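Novice: I have a structure here, written as structure tokens, and I will follow up with some questions on it.
Nothing in this text is a laboratory measurement; each read-out follows from the coordinates by a stated rule. Every value quoted in this text rests on a predicted model; they were computed, and no experiment measured them. Every residue, glycine as well, gets a Cβ built from its backbone with ideal geometry; the counts of neighbours run over all protein chains shown.
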Amino acid sequence: MLLVGAFFVLYLLVEVPPANAAAKAEANIYKYSDGSIMAKTGDVNRESVPLSKIPKKVQHTFVAAENKDFYGDSGVSFTGTARGLINTALGRGKQGGSTITQQYVKNYYLSQEQTVSRKLKELVISLKVDQQKSKDYILAGYINTSYYGRGAYGIQAAARAYYDKDVEDLSVAQGAYLASVLQAPSQYDWSAAGPNGKRLVKARWNYVLNNMVEKDWLSKGEREGLKFPVPIEPRPIPGLDGQAGYFIDAAKKELFKAGVNENEFEAGGWTVTLNIDKKKQKALEKAVRTELTDKLDPKKRKVDKDAQVGAVSVDPKSGGIVAMYGGAGYTEHWTNNATRSDYQPASTFKPLILASALENGSTTQDGTPITSSTLYDGTSRRPVKGSDTAFAPPNEDNKSYGPISVQKAMNNSVNSVFAQMAVDVGLSKVKNTAMDLGMDGRVENGFDVRPAMSLGVMGASPKEMAGVYATLDNHGKKVTPAIVKSAEKGDERPELPDPTNGQAISRGAADSVTSVLTGVVDDGTGQAVRQQGQAVAGKTGTSDDNKSAWFTGYTPTWSPRSACSASRRASASRSRSRAPRAADASTAVISRPRSGPRTPSPR
């Protein structure tokens, strides 16, 4: 009786409020590390449309996805709300079970905060809205206020973003996808989803259509004839041209991963300060231009039109990304080359094998401890000993070296030596060390435990490799490159993960690898970046057919920086690393193509 009475009083006191600030949307402001403004993103991509413009079956996809009893309910789910209240009180986070009316009320009148008081208000307001408004009004409001990903609010913007058509032209299959993507816009966006995300959104799509058949909104025959409607690739968003678009996209992904609510963030009102240093960013862009793009001539060399470059520069002490180059520009080249991981790191992986050997106290096949002075057989195509899988990799230009020290083998990037070393250490141990240093060890990313991994045949991004080398420079303390310095909205300041947290490998192992890598620049394949009076540690890398060409390195006075210049064509020209002037110490080194096609082994 007390609960009923309390609820009655609450029902009398709580009125339906005006639309909240989030429903009206504000701009998000992005700043450089010095506080100067980089960009503003406002003018929310939303266009409300009347329900009459939305095909009836498309309307039904949303009801089938979120609340198939919507047309006959009272606007609330008492069991779902009770469960949500209990879980919120116990601090268990976000819970499902809300009706379409409740979600509309939350989006339009309230906020996304997970509190008991907000949920109680949602319950009362939902009951009143259901009494005061028609089901069509509520459904239209829900469809028009929801966030679909790709910066799209409302179904009209979503129809444009995912299928390049107006809402009235959507098919039932396309409507079912848009209804499905509402559950997790970032995870379910087909263009960005991983294998698991694609599996989940397909399952959600099938769930929606099956519910429609159950409710007699779709015939079984029509259902069986439907195929999953793969959306178009994302299109550039006006105002995000140049490198700023890459920064903003990367920052948003970091914030969402840290737990910032995607819907709330996209509604605006946030100030996000990035770690990007304006001067260092200009220096990096200048290096890209002078060392690569100005020298490309697609008319004389067809392969030049396929050349791409990505680069990242990291402060190893803070873990902040101080400069990043993602491509020709966000509105010209949507994919961020600095964060994409579909190119092989090639021989920039070799230092990780040595790091694992030193960290694990590994020995050669005859029991000799592995150090920089340990001798190996550098014969090209020498069969690896002790491996369950036959492997005999060629060296660069099939050159044989005979007995060679680990130091000289690193200087000359001798494949046969590091293939043997990886087996001596243990392939699983090498992979574990690589993951400890920051590499993505997923098998779907190409990271198989096999001898060929010694050649860096897995996928990796410049950002990822910059973090790995930053960890080496940071005496083995883990560095996870971060682009976001801080974020706030009013009094809300999300807690961001510490970019430098925990010891990945011992200081001794990390510093020993650094010492070896200085030899690569002083007297090896990295001599092109050698500078008078400046110690530089680094490693070059070139994958088969020159599909990727790398330099990743660091100096005592600044950050590790990683860059990959790549071409999608197998006939790409040979690449050699070049360095910026000493004045551009924070600029990431890039690769410069040279004419004359060849087919090298990884270097």
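Novice: If one computes the Cα centroid of the stretch 34-64 and of the stretch 242-287, what distance in Å separates the two points?
Specialist: Centre-to-centre distance over Cα atoms comes out at 22 Å.
Novice: Where in the stretch 384-410 is the amide nitrogen less than 18 Å from a point lying 7 Å along the Cα-to-Cβ axis of S428?
Specialist: Correct set: 386-389.
Novice: Mind scanning K215/K252; K257/K350; K68/K202 and naming the pairs with a C-alpha gap bigger than 28 Å?
Specialist: Result: K215/K252; K257/K350 exceed 28 Å.
Novice: Same structure, new question: At R0 = 22 Å, how high is the FRET efficiency between N445 and D544 if r is their beta carbon distance? Nearest 0.05 is fine.
Specialist: The calculated FRET efficiency here is 0.80.
Novice: Separate question: What aspartates and glutamates could a cross-link reach from K279, if we take a straight Cα to Cα line under 20 Å and drop same-chain neighbours fewer than 8 places away?
Specialist: D34, D241, E291, D315, D584
Novice: A follow-up question, please. Enumerate the lysines that K300 could reach by cross-link, defined here as Cα to Cα under 22 Å, with residues fewer than 8 away along the same chain left out.
Specialist: Partners within reach: K547.
Novice: Within 10 Å, count the other beta carbons around each residue, average over each peptide in 130-143, 318-331, 262-275, and list them highest first.
Specialist: So the peptides 130-143, 318-331, 262-275, ranked by packing, come out 318-331, 262-275, 130-143.
Novice: What FRET efficiency comes out for H333 versus M1 if R0 is 51 angstrom and r is the Cβ-Cβ distance? Round to the nearest 0.05.
Specialist: With a Förster radius of 51 Å, E is 0.15.
Novice: Residues of the stretch 357-381 with backbone nitrogen within less than 17 Å of a virtual label 7 Å along the Cα-to-Cβ line of S400, please, listed as ranges.
Specialist: Those under the cut-off are 376-381.
Novice: At a Förster radius of 60 Å, what calculated FRET efficiency corresponds to the Cβ-Cβ distance of T371 and K56, to the nearest 0.05?
Specialist: Efficiency at R0 = 60 Å is approximately 0.20.
Novice: Modelled label-to-label distance, Q183 and N210, 7 Å Cα→beta-carbon offset: nm?
Specialist: Placing both labels 7 Å along Cα→Cβ, they lie 1.1 nm apart.
Novice: I would also like to ask the following. How far is the Cα center of the stretch 170-191 from the Cα center of the stretch 292-351, in Å?
Specialist: If you average the Cα positions of each part, the centres end up 31 Å apart.
Novice: Another question, if that's okay. Kindly provide the pair-distance distribution of the stretch 410-569 built from C-alpha pairs, with 5 Å bins from 0 and whole-percent values in order of increasing distance.
Specialist: P(r) over the stretch 410-569, rounded to whole percents: 2, 8, 15, 20, 22, 15, 9, 4, 3, 2, 1, 0.
Novice: With N residues in the stretch 348-458, what two-decimal value do you get for its Cα radius of gyration over 2.2 N^0.38 Å?
Specialist: The value comes to 0.97.
Novice: Now for a different question. In nm, to one decimal, how far is the D522 label point from the E168 one, both placed 7 Å along Cα→Cβ?
Specialist: It is 7.5 nm.
Novice: Please give the length that would be gained between A452 and K227 if that part of the chain were fully extended, namely 0.36 nm times their separation in residues minus their C-alpha to C-alpha distance (nm, one decimal).
Specialist: Working it through step by step, the gained length comes to 77.1 nm.
Novice: Using a cut-off of under 15 Å, list every residue of the stretch 238-279 whose amide N is near the label point 7 Å from the Cα of S486 along the Cα-to-beta-carbon line.
Specialist: 270-276
Novice: I would also like to ask the following. Can you give the extra length, in nm with one decimal, that the chain gains between Q132 and K278 once fully stretched, where that is 0.36 nm per residue apart less the Cα-Cα distance?
Specialist: Extending this stretch completely gives an extra 47.2 nm.
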